[in-house]
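J.: What follows is a structure written as structure tokens; I'll ask about it next.
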Amino acid sequence: MTLLDGPVFGVAVDQGSGLAAALREGRGSHARDDDLFTFKRIVVETLSPDASTVLVDAALGRELLPAYHPSCVKMLAYEADVYHIADEDRITKLPENLDIADYPDIDVPVLKFFLYYGPNDPEALNQRKADLVAKIGSECRARGVTFLFEPIVYDRAIPDGTSAEYALAKPALVRAATQRFASPDFNIDVLKVEIPVSLPHINTTMSEAQARTAFQDAAEAAGDIPLLYLSAGVTFEQFRDALRMSRDAGVNACGFMCGRAIWSDAIGIFGAEGPAAMARWMESTGRDRLAQLKDAIT
């Protein structure tokens with residue numbers, strides 16, 4: 001089975017130090033060194049039977065692979081902890097414990113790489129980023145590994161990503177990033193992109209008609225490369241509604257990758273009541289949320 005055999009209903013649990021800190025805080029005196037691994041294992045075990053793919057991180061990913069359901073495609077992030085990036089250039093650091101050549105050996109068919117990308121940044125910086133993506137894509141193609149690339153946009157001139165000013169700028173930023181990396185030069189098989197609108201600003205900063213146009217324009221920029229939408233830390237309800245809006249706008253996205261929108265509420269349960277209570281919540285509410293997202297985009 002390959003990633004694109006059908007609609008992609010993906011779950012992401014590749015978070016690193018930020019999630020570990022939240023779990024330590026929630027567990028308090030009951031915190032254990034293996035809490036991050038246990039949390040991720042529960043997500044994989046409970047959701048991989050219903051997900052078409054689950055994304056795990058480079059640090060713990062190999063240990064998590066046995067927890068996958070046989071029907072679920074394995075995906076491994078090719079990056080160090082995403083919180084550990086160069087402050088000024090925002091270039092993702094590569095893992096020290098993993099090479100692209102390892103993917104076929106450990107039976108992981110899909111590599112995901114994340115990168116902050118500012119379309120309005122100096123071209124010299126953006127060319128460095130493009131060169132890095134192209135290098136990863138070339139090696140993935142040579143090794144027979146599916147390359148999923150995730151550009152996260154920003155604009156240094158608008159530091160407040162929740163502002164009305166950024167909401168007006170975001171559609172063009174997402175479109176520009178999508179268009180650049182849709183080039184065949186990068187050997188990207190799937191683009192994992194942001195929702196091109198800021199949902200809280202619909203019907204205030206922009207109209208629903210403008211939002212639908214933003215979905216259409218950003219998706220068209222991908223050309224023939226399949227698109228997945230990512231949840232980017234929004235609430236479950238916001239992401240579900242965004243997927244519905246993409247469908248209503250006529251966008252034929254091949255699916256989604258969703259992390260915190262599904263399982264963020266489980267952090268508090270894990271902290272207060274322990275792993276068994278979290279597993280029960282994931283089996284009920286977590287699986288129901290995944291089912292609702294599937295329905296929203298199909």
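J.: Normalised by the number of residues in the chain, what is the relative contact order in percent for Cα pairs under 8 Å and 6+ residues apart?
T.: After rounding, I find 19 percent.
J.: Only bridges with both residues in the chain count here: give the DSSP antiparallel percent, nearest 5. List each step's numbers first, then the result.
T.: On the way: 1 of 34 bridges.
DSSP beta bridges in the chain are roughly 5 percent antiparallel.
J.: According to the square roots a ≥ b ≥ c of the eigenvalues of the Cα gyration tensor, what is the shape class of the chain, taking rounded for a/c under 1.5, prolate for a/b larger than b/c otherwise, and oblate for the remainder? The partial results should precede the final answer.
T.: Numbers: a/c = 1.43, a/b = 1.20, b/c = 1.19.
Rounded.
J.: Same structure, new question: Please build a GNM for the chain, connecting alpha carbons under 10 Å apart, and tell me which residue among Ile202, Ile267, Ile188 fluctuates the most.
T.: Ile202
J.: Given charges of +1 on the Cβ of Lys and Arg and -1 on the Cβ of Asp and Glu, with all other atoms neutral, how large is the dipole of the range 179-298 about its Cα centre, in debye to the nearest 20? Please report the intermediate quantities before stating the final value.
T.: Numbers: 11 positive and 15 negative charges, 40 e Å.
Dipole magnitude for the range 179-298 comes out near 200 debye.
J.: Still on this structure, I have one more. When the solvent-accessible surface of protein heavy atoms is calculated with a 1.4 angstrom probe, in what order do Asp217, Asp5 fall, highest first? Intermediate values should be presented prior to the final figure.
T.: Details: Asp217 65, Asp5 100 Å².
In descending accessible area the options line up as Asp5, Asp217.
J.: May I ask you to evaluate 6.51 cos²θ - 1.76 cosθ + 1.60, the Karplus curve with θ = phi - 60°, for each residue of the range 221-235 and list the ³J(HN,Hα) values in order in whole Hz, giving x for glycine and proline?
T.: Here the 3J(HN,Hα) series is 5, 6, x, 8, 7, x, 10, 10, 8, 10, 8, 6, x, 6, 6 Hz.
J.: Heavy-atom accessible area of Met75 with all protein chains present, probe 1.4 Å, nearest 10 Å²?
T.: 0
J.: Further, regarding this structure: For the chain, what does the helix formula give at 222 nm: sum of -39500 (n - 2.57) over DSSP H segments with n ≥ 4, over the residue count, nearest 500 deg cm²/dmol? Each step should come with its number before you reach the end.
T.: Numbers: 12 runs with 128 residues, N = 298.
That calculation yields -13000 deg cm²/dmol at 222 nm.
J.: Counting only C-alpha contacts under 8 Å and six or more residues apart, can you give the relative contact order of the range 28-106 as a whole percent? Display every interim value, and only then the final one.
T.: Numbers: 86 pairs, mean separation 19.3, N = 79.
Averaging sequence separation for qualifying contacts and normalising by length gives 24 percent for the range 28-106.
J.: For a quick check of understanding: with a 1.4 angstrom probe and all protein chains in place, what accessible area in square angstrom does Thr162 have, to the nearest ten?
T.: Looks like 110 Å² after rounding.
J.: Given a 1.4 angstrom probe, what's the average accessible area per residue across the range 152-298, in square angstrom?
T.: Working: 6170 Å² over 147 residues.
Computed with neighbouring chains in place, this is 42 Å² per residue.
J.: Springs between alpha-carbon atoms under 10 Å, Gaussian network over the chain: tell me which of Ser183, Ser264, Ser29 tops the mean-square fluctuations.
T.: Ser29
J.: Order the following by accessible area, largest value first: His30, His201, His69. Probe radius 1.4 Å; ligands, DNA and RNA are ignored.
T.: Ranking His30, His201, His69 by accessible area, largest first, yields His30, His69, His201.
J.: Sticking with this one: For a test of the definition: using alpha carbon positions, the gyration tensor, and the 1.5 limit on a/c, classify the range 178-273 as rounded, prolate or oblate. Don't skip to the answer; put the middle values down first.
T.: Values: a/c = 2.67, a/b = 1.36, b/c = 1.97.
Here the range 178-273 falls in the oblate category.
J.: Let me check against my output: what whole-number percent is the relative contact order of the range 107-244, with C-alpha pairs under 8 Å and at least 6 apart? List each step's numbers first, then the result.
T.: Working: 194 pairs, mean separation 34.0, N = 138.
Relative contact order, the range 107-244: 25 percent.
J.: Residue farthest toward the positive end of the dipole of the range 69-223, with Cβ of Lys/Arg at +1 and Asp/Glu at -1: which of Asn203, Gly161, Val108?
T.: Result: Asn203.
J.: Another question, then. Given the whole protein assembly as supplied and a 1.4 Å probe, what does the accessible area of Glu139 come to in Å², nearest 10?
T.: In the full protein context, Glu139 sits at about 60 Å².
J.: For the chain, which whole-number percentage of the solvent-accessible area (1.4 Å probe, protein heavy atoms only) is attributable to carbon and sulfur atoms? Please list the in-between numbers first.
T.: Values: 6170 of 12760 Å².
Carbon with sulfur: 48 percent of the solvent-accessible area.
J.: Rounded if a/c is under 1.5, else prolate if a/b beats b/c, else oblate: with a ≥ b ≥ c from the C-alpha gyration tensor eigenvalues square-rooted, which is the range 17-114? Provide the component values of the computation, followed by the final result.
T.: On the way: a/c = 2.02, a/b = 1.04, b/c = 1.94.
Oblate, because a/c is 1.5 or more while a/b does not exceed b/c.
J.: Here's something else I'd like to know. What whole-number distance in Å separates the alpha-carbon centres of the range 122-193 and the range 14-37?
T.: Between the Cα centres of the range 122-193 and the range 14-37 lies a distance of 30 Å.
J.: Can you tell me which lysines have their Cα less than 28 Å from the Cα of Lys129? Leave out same-chain residues fewer than eight positions away.
T.: Counting by Cα, and skipping residues close in sequence, Lys129 has these lysines nearby: Lys74, Lys93, Lys112, Lys170, Lys192.
J.: Show me, for the range 279-292, the HN-Hα J-couplings you get by feeding each phi into the Karplus relation (A = 6.51, B = -1.76, C = 1.60, θ = phi - 60°), rounded to Hz, glycine and proline as x.
T.: 4, 5, 5, 5, 5, 9, 5, x, 5, 5, 4, 4, 4, 5
J.: Expected output is a single nm value to one decimal: the length gained when fully extending between Ser207 and Arg143, i.e. 0.36 nm times separation in residues minus the C-alpha distance. What is it?
T.: On the way: separation 64, 0.36 × 64 = 23.04 nm, distance 4.55 nm.
So the extension gain works out to 18.5 nm.
J.: Could you report the range 30-135's accessible area per residue, 1.4 Å probe, as an integer in Å²? Intermediate results must be reported in sequence, preceding the final value.
T.: Numbers: 4670 Å² over 106 residues.
With all protein chains present, the range 30-135 gives 44 Å² per residue.
J.: What does the charge count around Ala279 come to, taking other residues whose C-beta lies under 10 Å from its C-beta (Lys +1, Arg +1, Asp -1, Glu -1)? Let's see the in-between values first.
T.: Working: positive: Arg41, Arg280; negative: Glu45, Glu283.
Its environment carries a net charge of 0.
The values are calculated or read from the model by the stated rules, or taken from the named source; none is laboratory data. Just so it is clear, the model here is predicted, and its values are computed rather than measured. So basically every Cβ, Gly included, is an ideal-geometry build from the backbone, and we count neighbours across all protein chains shown. SASA here: full protein model, heavy atoms, side chains in, ligands and nucleic acids out. Shrake-Rupley method; radii C 1.70, N 1.55, O 1.52, S 1.80 Å.
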